[in-house]
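The values are calculated or read from the model by the stated rules, or taken from the named source; none is laboratory data. Just so we're clear, the structure is a prediction, and the values are computed from it rather than from any experiment. No Cβ is skipped: glycine too gets one built from the backbone with ideal geometry, and neighbour counts run over all protein chains shown.
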Amino acid sequence: MSASLHSLPNGTWQSWFDAYGRKLLLFARQWATSAAGAEDLVQEAFVRFWRSPHRNDADAHLQLFAMVRRAGLDHVRAASRRTAREQAAAADEDAHAWFAPAPDERDAALQAALGQLPPEQREVVVLKIWGELTFEQVARTLDIPANTAASRYRYALEALRRALAASTP
Amino acid sequence: MNTPHDSFEDELRALRAADPSLRLASRIAADLAAPPTAPAPAAMRRTATRAVMLWLPWGVAAAMTVAFLTHRPAATTAQAPTPATETATAAPSLAQDALPRFTPVSTTKTLVGALDEGVVFLEDGRPARKLRYEFVDTVDLLSTDASRAMIAVSTPREEIRLVPVQTY
């Protein structure tokens, strides 16, 4: 999907949004405590991206992920000043809302385990699995060495396996 | 670099990320249909902004940058005799050509703090609530040369608003 979009320099924003909206929203959930907050981040990043010259780059989709990440980090900094009441209200949202409704208990346990990962591991997993990026692309998006991305991914999968084993009898 | 195929990864991949709402697409469409001004970050979206307050620091920064780039030490000028005027004027030009040129591509305004400082009284005696907002304004600058380097310049800013209040 990504490769085909790269060959469409004249693609409309809707085609980009159709291709990446779901992935960006999931990625944005790393920093937003609510679905509405994640959509705010995607909106901000997507509009910035579409108006920037980066959208014509060969690796434009990486810029898109990076812009969501930056908006997310800005959001976290701003959120640190918010009242406890607002934060508690946001935390009430279902943590499993990152994904479509889970069909069984195992999937639900996977989703819960993903939410428990350290943020630096979770963002790598999200980009690799659901963002469909290679380790090299993950590394460029997060501005980390590719080996670091690979090792974080490996640790994350191990943690997920352990969490899943512990949750299933 | 990529790991071999793993069935556990397939299991993860089978989890389907939630779809964005239709409202999000509508909001993006509305944003893109509007004139290309800087999109406000989520934290700031509900807050009215003052363009003058936003651009004032950048105007000062730009003026300081121009002053810095065009500044020549007095000693250099003193050593350059009158016949060498052409050389003296050409040198800064060459130096400036060698510098990468950056053009602003986007700006963001992030609200990082808000403080209600209570009721104060204006000069005419009317009461008003004093609200202090702390922002961080960021401008992304993109190099116009082949490197396409990007730098971000952030400046803190405070905005004080006096909101008239009525007493009964």
Only one of A:S52, A:S15, A:S4 is at pLDDT below 80 and closer than 21 Å to B:A25 by Cβ, namely A:S4
Out of (1) within 16 Å of B:E9 (Cβ to Cβ); (2) surrounded by fewer than 18 Cβ atoms within 10 Å (Cβ to Cβ); (3) at pLDDT 90 or above; (4) touching a helix residue (DSSP H, G or I) at 6+ places or on another chain (Cβ under 9 Å), the one A:L164 does not meet is (3)
Residues in segment A:137-157 that are at the interface with chain B (Cβ under 10 Å from one of its Cβ atoms) and loosely packed, with under 15 Cβ neighbours inside 10 Å total 2
Worksheet entry | Residue in segment A:59-74 that is exposed (fewer than 14 other Cβ atoms within 10 Å of the Cβ) and modelled with pLDDT of 80 or more present | yes
Does any residue of segment A:27-37 turn out to be under 18 Å from B:A33 (Cβ atoms) and either buried (at least 22 other Cβ atoms within 10 Å of the Cβ) or at pLDDT 90 or above (or both)? no
- Taking B:L111, is it in contact (Cβ under 8 Å) with a residue 24 or more places away in the chain, within 21 Å of A:Q63 (Cα to Cα), assigned to a strand (DSSP E or B) and facing another protein chain (nearest Cβ under 10 Å)? no
| message | A:A102 - would you say it is at pLDDT below 80, assigned to a loop (DSSP other than H, G, I, E, B), out of contact with any Phe, Trp or Tyr (no Cβ under 6 Å at 6 or more places or on another chain) and of a type in the set (A, V, I, L, M)? | response | yes
